[in-house]
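The values are calculated or read from the model by the stated rules, or taken from the named source; none is laboratory data. Bear in mind that the values here come from a model prediction, so they are computed numbers and not experimental data. Don't worry about glycine lacking a Cβ; one is built from the backbone with ideal geometry, like all the others, and counts go over all protein chains shown.
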């Protein structure tokens, strides 16, 4: 069901038993934890999930998550767009103990009282998909903001520093 507003809570068991799907857009400005690490909270995340019960009677959802986020370029400190596309394979469990028994093909999602808060789940998936370090292509950075320092910039060229070990030359025996 494609709708403008996704449910705040959903019961994965109900969706899995009916082999239902949900998809829609979630505004990024509703994801406070994510917005704290972004340069801008503008935009939407598109989520699509297909639910089913697998052969081991686990509640499973597969689908995708797509969004474009604005993060801080670590070269020039301006914002840079990052397109994120995440393939989702989720298994819904009752507690952390059950999560340990989920095959590695699935990411466990812990249900609270049989429900999942969709925004929290989407937010965590986007945070995990963010690049560790983001930057523009070199030609895309603001040239006035980028200044690389080198060791030659620190000391004037015409100044000669004295060798701190030159005093030891006086103690060296002469060859006569």
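A compact table of results
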item	result
Failed condition for residue 113, given (1) exposed (fewer than 13 other Cβ atoms within 10 Å of the Cβ); (2) at pLDDT 85 or above; (3) within 30 Å of residue 11 (Cβ to Cβ)	(2)
Qualifying residues in the stretch 41-58 (those that are in a strand (DSSP E or B) and under 21 Å from the mean Cα position of the chain (by Cα)) - the one farthest from residue 87 (Cα to Cα)	44
Residue in the stretch 84-103 that is outside any strand (DSSP E or B) and under 15 Å from the mean Cα position of the chain (by Cα) present	no
Residues of the stretch 131-158 classified as modelled with pLDDT of 70 or more and either in contact with a strand residue (DSSP E or B) (Cβ under 7 Å, 6 or more places away or on another chain) or farther than 24 Å from residue 86 by Cβ (or both), total	5
Some residue of the stretch 116-126 being at pLDDT 85 or above and outside any helix (DSSP H, G or I)	yes
Some residue of the stretch 19-35 being part of a loop (DSSP other than H, G, I, E, B) and either within 28 Å of residue 134 (Cα to Cα) or within 14 Å of the chain's Cα centre (by Cα) (or both)	yes
Among the candidates 61, 16, residue that is at pLDDT 90 or above, surrounded by 17 or more Cβ atoms within 10 Å (Cβ to Cβ) and not in a strand (DSSP E or B)	16
Residue list for the stretch 66-103, filter: surrounded by 15 or more Cβ atoms within 10 Å (Cβ to Cβ) and over 30 Å from residue 137 (Cβ atoms)	90, 91, 92, 93, 98, 99, 102
